[in-house]
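The values are calculated or read from the model by the stated rules, or taken from the named source; none is laboratory data. This is a predicted model, so every value here is computed, not measured. No Cβ is skipped: glycine too gets one built from the backbone with ideal geometry, and neighbour counts run over all protein chains shown. Quick note on the areas: whole protein, heavy atoms, side chains included, nothing else; ligands and nucleic acids left out. Shrake-Rupley method; radii C 1.70, N 1.55, O 1.52, S 1.80 Å.
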Amino acid sequence: YSKQRYPVVYLLDGDSHFSSVVGMIEFLSSNYFCPEMIVVGIPNTDRTRDLTPTHMDSWQFLDFVADSNFCKNSGGGEKFISFIEKELMPHIDSLYPTAPYRMLIGHSLGGLTVMNTLIHHTNLFNSYIAIDPAMSWDNQNLLKETKKALANNTYSGVSLFLGIANTMKIGMDTIKVKKDTTKSTGHIRSIFELRNYLNNNKQNQLKFAYRYYSNDNHTTVPLITE
């Protein structure tokens, strides 16, 4: 009998989302809706440093204006992805019976890392889940890079699921927000822009799906997206 091997889920913000994802996989796999999986939760000693692809001095996220202390170490995303590829993955593969199928899940800045990995390190994972990703970071720098990549590259055999939260204030809707120019809607406008571009560039062969969760905010959307 060959030894059973398991797909691996690499979960960003593992200290926050580990229990919920493990619980879902345990329930779904016991009822044969998905395979049993190994879940690797990754916490961070400096979250902003690890999960941002470029440096910024300040940043406004929804109603939160990040000060210089929040952003001072930002821009270490490539080193963090290199750590996952060159240190963490070989370590996990050496200890556990892993199958050659990997999934990456990330929320907010973690979702930004998911998109950065998909675009610049595509073959590291087979599937990606980006949960309300912070695509407004650095004046949409990664969003612009993503558009170019989606137009010019192919992603055959790779899948992406995008979960979008309702972060709009009362009185705003998905029609009005398209014409809004205030910073408070920059987050959701950037994600809608990403969604639209993904929908309109199917020639790249990326297997893409999304869901807009109108009754969930930025904090509650991870559970339902996962």
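Which of the lysines could be linked to LYS169 by a straight reach, that is with a Cα gap under 17 Å, when you skip same-chain ones fewer than 8 residues away?
By straight Cα distance, LYS169 reaches LYS178, LYS179, LYS183.
Restricting the count to DSSP beta bridges whose residues both fall in the chain, what percent are antiparallel, rounded to a multiple of 5?
Antiparallel: roughly 10 percent of the beta bridges in the chain.
Taking all protein chains as present, what is the carbon and sulfur share of the accessible area of the chain, in % to the nearest whole number, probe 1.4 Å?
Exposed carbon and sulfur together represent 51 percent of the surface.
Amide H neighbours of PHE208 under 5 Å, counting only residues 5+ apart in sequence or on other chains, H built in-plane at 1.01 Å?
Amide H neighbours of PHE208: LEU160.
With a cut-off of 8 Å between alpha carbons and a minimum separation of six or more residues, what is the relative contact order of the chain in percent?
Taking the mean separation of contacting Cα pairs over the length of the chain, I get 19 percent.
Bin by bin, in steps of 10 Å, what percent of the Cα pairs in segment 100-210 do you find, going until the bin that has the longest distance?
Taking every Cα pair in segment 100-210, the percentages come to 14, 49, 29, 8, 1.
If I take the Cα coordinates of segment 1-80 and project them onto the principal axes, what are the three extents in Å, biggest first?
Between the extreme Cα coordinates on each principal axis of segment 1-80 lie 56, 27, 17 Å.
Once you have a ≥ b ≥ c as the square roots of the Cα gyration tensor eigenvalues for segment 160-226, tell me rounded if a/c is under 1.5, and otherwise prolate or oblate according to whether a/b is larger than b/c.
Oblate.
For segment 72-150, please report how many Lys pairs fall under 27 Å Cα to Cα, leaving out neighbours fewer than 8 apart on the same chain. Please report the intermediate quantities before stating the final value.
Numbers: LYS72/LYS86; LYS72/LYS144; LYS79/LYS144; LYS79/LYS147; LYS79/LYS148; LYS86/LYS148.
Pairs that pass both the separation and distance tests number 6.
Just to be sure I understand: with springs between alpha-carbon atoms less than 10 Å apart, which residue in THR48, THR167, THR154 has the highest mean-square fluctuation in the Gaussian network model of the chain?
Of THR48, THR167, THR154, the Gaussian network model singles out THR154 as fluctuating most.
Can you give the helix-only mean residue ellipticity at 222 nm for the chain, where every DSSP H stretch with n ≥ 4 adds -39500 (n - 2.57) and the sum goes over all residues, rounded to the nearest 500 deg cm²/dmol?
Calculated from helices alone, the mean residue ellipticity at 222 nm is -11000 deg cm²/dmol.
Can you pull out the chymotrypsin sites (Phe, Trp or Tyr not before Pro) in segment 1-79 whose DSSP state is coil and whose Cβ has at most 10 other Cβ atoms within 10 Å?
Values: sites: TYR1, TYR10, PHE18, PHE27, TYR32, PHE33, TRP59, PHE61, PHE64, PHE70; in loops: TYR1, TYR32, PHE33.
Within segment 1-79, the qualifying chymotrypsin sites (Phe, Trp or Tyr not before Pro) (loop, at most 10 other Cβ atoms within 10 Å) are TYR1, TYR32, PHE33.
How much area per residue is accessible in segment 142-226 when the probe is 1.4 Å and only protein heavy atoms are counted (Å²)?
For segment 142-226, the solvent-accessible area averages 56 Å² per residue.
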